[in-house]
Amino acid sequence: MPKTLDKETRAEIDRSLNDSYPPIEDYGIIGDLRTTALVGRNGSIDFMCFPEFDSPSIFCANTDRVKGGRFQIRPLLEEMNEKQLYLPDTNVLITRFLSTEGVGEISNYMVLSADEGPCEQALVRRAKCVIGEVSFRLLFAPRFDYARARHKVTAECENCLLFESEGSDGLKLRLHSSVPLEILENDGYAEFTLKAGEHATFTMEEAGAERDSRCGNEEYSSDSFKKTCDYWRAWIARCTYDGRWREAVHRSALALKLLTSKKHGSVIAAPCFGFPNEVGGVRNWDYRYTWLRDASFSTYALMRIGYTEEAQAFTNWLENRIKELGDDEVLQIMYRIDGTKLDGEFHLDQLEGYMHSKPIRIGSTNHDQIQLDIFGEVMDSVYLCDKYGSPISRDLWMNLQRLIAYVCDHWRDKDAGIWEIRGGHREFLYSRVMCWVALDRAIRLASKRGLPAPTALWQENRNAIYHAVFENFWDEEQGAFVQSKGSTALDASALIMPLVRFISPTDPRWLSCLKAIENDLVEDSLVHRYHVGEAFSDELEGKEGSFSICSFWYIECISRSGDVQKARLMFEKMLGYSNHLGLFSEQLGKKGEFLGNIPQAFTHLAMISAAFDLDRRLSMHPSRRVRGGLG
């Protein structure tokens with residue numbers, strides 16, 4: 001029967017549902033390589049899409065504290081401190097609540113298994129009393145289909161509730177509990193008290209009739225906990241990085257792995273939507289899709305630390321996208337995780353937005369933009385996968401030649417660039433450089449493998465791009481490469497030039513450009529990608545923070561230029577901007593606050609690359625030969 005609460009308890013719950021928005025950096029992430037959930041320090045899962053990364057959300061309190069839905073387990077303690085940590089070498093997240101009355105913990109994870117074959121998809125939360133006696137309150141408040149669909153709830157037994165969406169998604173969720181559950185205004189509710197050493201378990205799964213569920217079994221939580229921990233520990237044990245920043249690199253690798261699809265091999269840019277690049281502004285994006293640029297960079301970062309299987313899986317996914325192209329088609333910049341195309345953007349107008357940041361965008365209007373740089377990122381990824389993983393197939397090579405032919409024909413074209421501008425196409429420096437990369441890697445691959453190719457034509461175009469960059473994008477007065485042809489604006493994307501070996505990191509022209517970028521776009525270790533509104537209009541109001549991927553590119557450029565001591569200091573400063581769990585968002589505000597979605601693949605992959613390069617150079621530095629010196 002539905003529960004009727006006394007006025008005082010009802011008022012407490014209403015107050016908890018009207019709580020303020022947590023800082024973006026207060027969230028941790030868990031996942032199962034199909035989807036993820038964001039868990040706050042306050043014990044609330046405020047964001048989750050189900051059953052896939054790009055499925056409609058079932059919880060999105062990050063965009064509306066009242067209407068968005070959440071899964072909250074909250075200790076009823078006075079003046080408690082909230083802490084979070086990951087169980088070492090895993091993506092099992094522990095949220096702790098410390099008070100003079102007692103200490104409570106919640107273990108949060110999504111089930112994974114190293115065993116071959118399908119694994120049940122389940123979200124498990126285990127509340128425990130560590131010290132004293134702690135009372136908890138649970139509220140399971142799903143809001144189906146981006147909080148647009150109503151639902152009904154049925155008590156299957158005292159410890160199990162069934163939630164059924166009445167929307168077009170038709171999703172059914174089952175919540176198992178080791179303590180009695182009640183129905184509170186169509187939500188699941190429980191209050192329970194634990195003494196030291198006692199625990200209560202709650203498991204959410206999709207309610208399907210295709211198989212018997214084990215999630216309600218008494219031993220399920222302990223069994224699933226062990227096999228999930230075993231999975232993550234076995235995975236991170238494959239990491240070949242053992243340098244100075246081992247823990248930080250491992251955490252970034254674990255975060256990137258959470259953004260990969262086990263089924264498809266694709267990699268998403270970030271697991272969520274609705275977190276703004278400017279609080280109260282309109283720059284809010286949905287990153288739950290596979291950008292070819294981001295995914296290619298991600299697989300490169302993972303390959304550098306030993307994860308060639310992930311690179312091969314993405315290459316297989318990419319090969320399927322190339323095979324699907326018609327005679328007059330070219331790769332899109334982004335896809336859904338299963339490789340299907342996006343169909344535009346819509347807004348969740350019924351929700352208020354994170355700290356009133358609207359619109360809340362779902363999908364993207366940029367999905368069909370022309371961005372010439374993607375061919376460079378794709379070819380670099382394929383080249384490295386062939387070099388360090390499995391050699392590519394003949395069919396993929398023949399299809400790649402179609403893409404290289406397109407680059408030869410179109411590298412002079414205007415495009416939307418890496419930052420996906422909406423205010424008209426331009427001839428961007430970054431796009432030219434990455435077209436050069438596409439041709440260079442194709443030539444290298446053909447030469448290394450003895451593959452048939454019109455290499456003379458490719459070399460001719462590669463050389464033409466090289467000269468065009470110096471002729472059309474070098475500003476003698478500034479001593480720097482400019483953002484686009486005919487512009488005087490600088491852009492931090494130029495930092496990619498020495499990283500992809502277009503120019504030597506010690507070339508006088510490059511060192512001059514690096515200095516100009518430092519003077520114009522860098523504040524200490526924080527790097528802005530460009531000055532918003534200076535060189536072009538992106539048809540959006542407001543500003544944004546510093547771009548963290550650019551900060552790590554900047555650090556790696558300094559490292560490669562030979563100034564390893566400066567690079568190390570900048571790197572340590574950037575690590576200081578990670579949250580309490582070692583995670584990074586897309587951007588940082590003036591006070592170091594997170595902006596944009598979390599965790600951002602772009603940032604973590606650049607952090608891994610910078611750590612790898614800097615650690616190697618420090619180990620070769622002369623100070624290593626001085627007693628007591630550590631570079």
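For segment 373-398, enumerate the residues that are free of Cβ contacts under 8 Å to residues at least 60 places away in the same chain and assigned to a helix (DSSP H, G or I).
Result: Arg394, Trp397, Met398.
Can you pull out the strands (runs of 3 or more DSSP E) entirely within segment 94-206 that have at least 1 residues that are under 25 Å from Asn62 (Cα atoms) and of a type in the set (Lys, Arg)?
Strands (runs of 3 or more DSSP E) meeting the threshold: 122-141, 151-157, 172-177.
Only one residue in Ile421, Ile465 is surrounded by 15 or more Cβ atoms within 10 Å (Cβ to Cβ), among the hydrophobic types (A, V, I, L, M, F, W, C) and over 29 Å from Trp285 (Cα atoms). Which one?
The match here is Ile465.
A quick yes/no check of all residues on (1) open to solvent by less than 10 Å² (accessible area, probe 1.4 Å); (2) under 13 Å from the mean Cα position of the chain (by Cα); (3) not β-branched (Val, Ile, Thr):
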position: Gly243; (1), (2), (3): no, no, yes
position: Leu258; (1), (2), (3): yes, yes, yes
position: Lys262; (1), (2), (3): no, no, yes
position: Pro276; (1), (2), (3): yes, no, yes
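So, of the residues in segment 122-154 that are more than 25 Å from Glu105 (Cα to Cα) and surrounded by fewer than 16 Cβ atoms within 10 Å (Cβ to Cβ), which turns out to be farthest from the chain's Cα centre (by Cα)?
Thr154
Take the residues in segment 544-580 that are of a type in the set (Lys, Arg) and under 25 Å from Glu25 (Cβ atoms); name whichever of them is surrounded by the most Cβ atoms within 10 Å (Cβ to Cβ).
Arg568
Conditions (1) in contact (Cβ under 8 Å) with a residue 12 or more places away in the chain; (2) surrounded by 18 or more Cβ atoms within 10 Å (Cβ to Cβ); (3) of a type in the set (D, E, K, R); (4) touching a helix residue (DSSP H, G or I) at 6+ places or on another chain (Cβ under 6 Å), marked per residue:
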site	(1), (2), (3), (4)
Lys67	yes, no, yes, yes
Leu76	yes, no, no, no
Glu79	yes, no, yes, no
Leu85	yes, no, no, no
Leu93	yes, yes, no, no
Leu98	yes, yes, no, no
Glu105	yes, yes, yes, no
Ser113	yes, no, no, yes
Pro118	no, no, no, no
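Check segment 432-449 and report whether any residue there is open to solvent by 10 Å² or more (accessible area, probe 1.4 Å), over 23 Å from Ile503 (Cβ atoms) and not in a helix (DSSP H, G or I).
no
Do we have Ile362 as at pLDDT 95 or above, under 24 Å from Pro51 (Cα atoms) and in a strand (DSSP E or B) here?
yes
Looking at Asp54 and the list (1) open to solvent by less than 10 Å² (accessible area, probe 1.4 Å); (2) on the phi < 0 side of the Ramachandran plot; (3) within 19 Å of the chain's Cα centre (by Cα), which single condition is not satisfied?
Among (1) open to solvent by less than 10 Å² (accessible area, probe 1.4 Å); (2) on the phi < 0 side of the Ramachandran plot; (3) within 19 Å of the chain's Cα centre (by Cα), the lone unmet condition for Asp54 is (1).
Give the residue, chosen from Ala234, Ala270, that is surrounded by fewer than 18 Cβ atoms within 10 Å (Cβ to Cβ) and within 30 Å of Asn320 (Cα to Cα).
Ala234
The values are calculated or read from the model by the stated rules, or taken from the named source; none is laboratory data. Quick caveat: nothing in here was measured; it's all calculated off a predicted structure. Using ideal geometry, Cβ is built from the backbone for each residue, glycine included, and neighbour counts are taken over all protein chains shown. When the accessible area is computed, the model is the full protein with side chains, heavy atoms only, and any ligands, DNA or RNA have been set aside. Shrake-Rupley method; radii C 1.70, N 1.55, O 1.52, S 1.80 Å.
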